[in-house]
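K.L.:
What follows is a structure written as structure tokens; I'll ask about it next.
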Amino acid sequence: FRAGLPSETPSTAGLNTLHCSLLPQGTGTLTGSAFAQEVESLGASLRASSGNNSSILSSFCLKPDLPRLLDLARDVLLDPGLREDDFSRQRDVQLADLREALDDPVKTAFREMRQALFGAQHYGLRRLGTEESLAGLSPDIIRAHHQNIFRADNGVLALFGDLEPDQVLPLLEEQFSALPEGAPDPVPPCSVEGSGEISTTLDRQQAVLAIGFPGAAVDSPDAAALELIHEHCSNMAGPLFGRIREELGLAYFVSATQFHGIGTGLFSFYLGTAPEQLDLARRELLAAIARLAEEGIPDDELAAAKNTVVAGDALQNQSNRSMAQTCAINTLFGLGENHHEENLDRIKALTHGEIREVAAKYFGSREPVIATVLPKE
């Protein structure tokens, strides 16, 4: 279902994470322990998770148990428990996770970088929320959010396995036709607000540097090229690890990460190092990004990146669960259920020149946000 950070505000930050943690805690007719026992008695799994743009209910079971598992999934969607004691317990768990994240230098660097880049909206909000926003949530707010996003026109259901569609479709119709019709009000696309530098301190010995650029929207034609660039920069045989960690010994870790969003996304580079080596490590990382923007990926390294992505995709596609989630997400955001195959064909066909153009577009045309976390002393 479409949800995630775009469906939150500064006063409701953390809402989706808390909501999804409550969904496996029982239904209107089953307590959390009874619900867990029902699922475990089938040798099955039923869980919920929240990401940048969506909330996902996922499960797996043996083929004969599908009708019963669909019963349980229907109850989670249409009659969730959302009890006061479960709410209080899960909020305390999330609050503990939040406080732990506030003391983590890598998470702090990314949190500060995203907030500076996107502002107090969408992807600038904290996934776990803040102490103030969590204190303002209630079971009634969770119920209203549940009713708002779990709607027929706001979701996609995907099943993969040894199934006959003409037998399964009537079962799905019976179970899920009661989902309310319609979709939530559309959310404006996220805008990019900032660039520049932020520095903060923590009572830790390590220094962390995160460099963030606006990335691609989920439906951008640049997504395939950025996937290859991400593989190239995050691979242990790639230019960042080889030069900054192995050759110069400047970092404990160095890599890149990205996500695609509604209207925009994020592509970031990061490293952890000793405080006294931070300036040199920073210069080397910025120089590597500049080379990437100017030169793209060398032909021999481009071939290696393509092979790694193709092999990883083949391994991932062997899993029914992975394929169901991939096709559901792609369909949810208008890309089509076969987008993963089309995207793979696009990756195989990309040229050095196309990669260079995309790298220059995203890393050579604007200043990034640079977030630094240093020890207090």
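The values are calculated or read from the model by the stated rules, or taken from the named source; none is laboratory data. For clarity, every value in this text was computed on a predicted model and none was experimentally measured. Virtual Cβ from ideal backbone geometry, glycine too; neighbours counted across all protein chains shown. Ligands, DNA and RNA are stripped out before the accessible areas are found, and what is left, the full protein with its side chains, is counted by its heavy atoms. Shrake-Rupley method; radii C 1.70, N 1.55, O 1.52, S 1.80 Å.
K.L.:
Taking the residues in region 87-103 that are open to solvent by less than 50 Å² (accessible area, probe 1.4 Å) and either farther than 30 Å from Tyr252 by Cα or among the charged types (D, E, K, R) (or both) as candidates, determine which candidate is nearest to the chain's Cα centre (by Cα). So that I can check it myself, show each step before the final result.
P.N.:
Restricting attention to region 87-103, the residues satisfying the condition of being open to solvent by less than 50 Å² (accessible area, probe 1.4 Å) are 87-88, 90, 94-95, 98, 101.
Then drop every residue that is not either farther than 30 Å from Tyr252 by Cα or among the charged types (D, E, K, R) (or both), which leaves 87-88, 90.
Numbers: Phe87: 24, Ser88: 26, Gln90: 21 Å.
Result: Gln90.
K.L.:
State the number of residues belonging to region 282-296 that are of a type outside the set (Asp, Glu), over 17 Å from His230 (Cβ atoms) and either buried (at least 17 other Cβ atoms within 10 Å of the Cβ) or under 19 Å from the mean Cα position of the chain (by Cα) (or both). Give the steps one after another, and end with the answer.
P.N.:
If we filter region 282-296 for residues that are of a type outside the set (Asp, Glu), which is where we start, we get 282-283, 285-293, 296.
Okay, now just the ones that are also over 17 Å from His230 (Cβ atoms), so 282-283, 286-287, 290.
Cutting the leftovers down to either buried (at least 17 other Cβ atoms within 10 Å of the Cβ) or under 19 Å from the mean Cα position of the chain (by Cα) (or both) gives us 282.
Counting residues in region 282-296 that are of a type outside the set (Asp, Glu), over 17 Å from His230 (Cβ atoms) and either buried (at least 17 other Cβ atoms within 10 Å of the Cβ) or under 19 Å from the mean Cα position of the chain (by Cα) (or both) gives 1.
K.L.:
Looking for something out of contact with any Lys or Arg (no Cβ under 8 Å at 6 or more places or on another chain), farther than 30 Å from Gly194 by Cβ, surrounded by 14 or more Cβ atoms within 10 Å (Cβ to Cβ) and without any contact (Cβ under 8 Å) to a residue 40 or more places away in the chain - is there at least one such residue anywhere in region 297-312?
P.N.:
No, every residue in region 297-312 fails to be out of contact with any Lys or Arg (no Cβ under 8 Å at 6 or more places or on another chain), farther than 30 Å from Gly194 by Cβ, surrounded by 14 or more Cβ atoms within 10 Å (Cβ to Cβ) and without any contact (Cβ under 8 Å) to a residue 40 or more places away in the chain.
K.L.:
Among the listed residues Leu302, Leu315, identify the single one that is over 25 Å from the mean Cα position of the chain (by Cα) and of a type outside the set (Lys, Arg). If you could, list the steps in order and put the result at the bottom.
P.N.:
Values: Leu315 fails: over 25 Å from the mean Cα position of the chain (by Cα).
None of the other options fit; the residue is Leu302.
K.L.:
Residues to consider are Arg99, Arg89, Arg111; find the one that is without any contact (Cβ under 8 Å) to a residue 40 or more places away in the chain, under 26 Å from Arg74 (Cβ atoms) and of a type outside the set (Asp, Glu). First the steps, then the outcome.
P.N.:
Details: Arg99 fails: under 26 Å from Arg74 (Cβ atoms); Arg111 fails: under 26 Å from Arg74 (Cβ atoms).
Only one candidate passes the filter, namely Arg89.
K.L.:
All but one of (1) over 25 Å from Glu84 (Cβ atoms); (2) loosely packed, with under 15 Cβ neighbours inside 10 Å hold for Asp140; state the number of the condition that does not hold.
P.N.:
Evaluating Asp140 over (1) over 25 Å from Glu84 (Cβ atoms); (2) loosely packed, with under 15 Cβ neighbours inside 10 Å leaves (1) as the failure.
K.L.:
Which residue pairs have Cβ atoms under 9 Å apart, sit 6 or more places apart or on different chains, and have a first residue in region 332-347 that is in contact (Cβ under 8 Å) with a residue 12 or more places away in the chain and a second that is basic (Lys, Arg) and open to solvent by 30 Å² or more (accessible area, probe 1.4 Å)?
P.N.:
These pairs meet every condition: Leu332/Arg2; Phe333/Arg2; Ile347/Lys306.
K.L.:
With the requirement that a residue be open to solvent by 20 Å² or more (accessible area, probe 1.4 Å) and aromatic (Phe, Trp, Tyr), what does region 1-51 give you?
P.N.:
Phe1
K.L.:
Would you pick out the residues in region 105-114 that are under 16 Å from the mean Cα position of the chain (by Cα) and among the polar types (S, T, N, Q)?
P.N.:
Within region 105-114, no residue meets the criteria.
K.L.:
Can you tell me which of Asn320, Asn330 is of a type outside the set (Asp, Glu) and touching a helix residue (DSSP H, G or I) at 6+ places or on another chain (Cβ under 8 Å)? It would help to see each step written out before you state the result.
P.N.:
Details: Asn320 fails: touching a helix residue (DSSP H, G or I) at 6+ places or on another chain (Cβ under 8 Å).
Exactly one residue qualifies, and that residue is Asn330.
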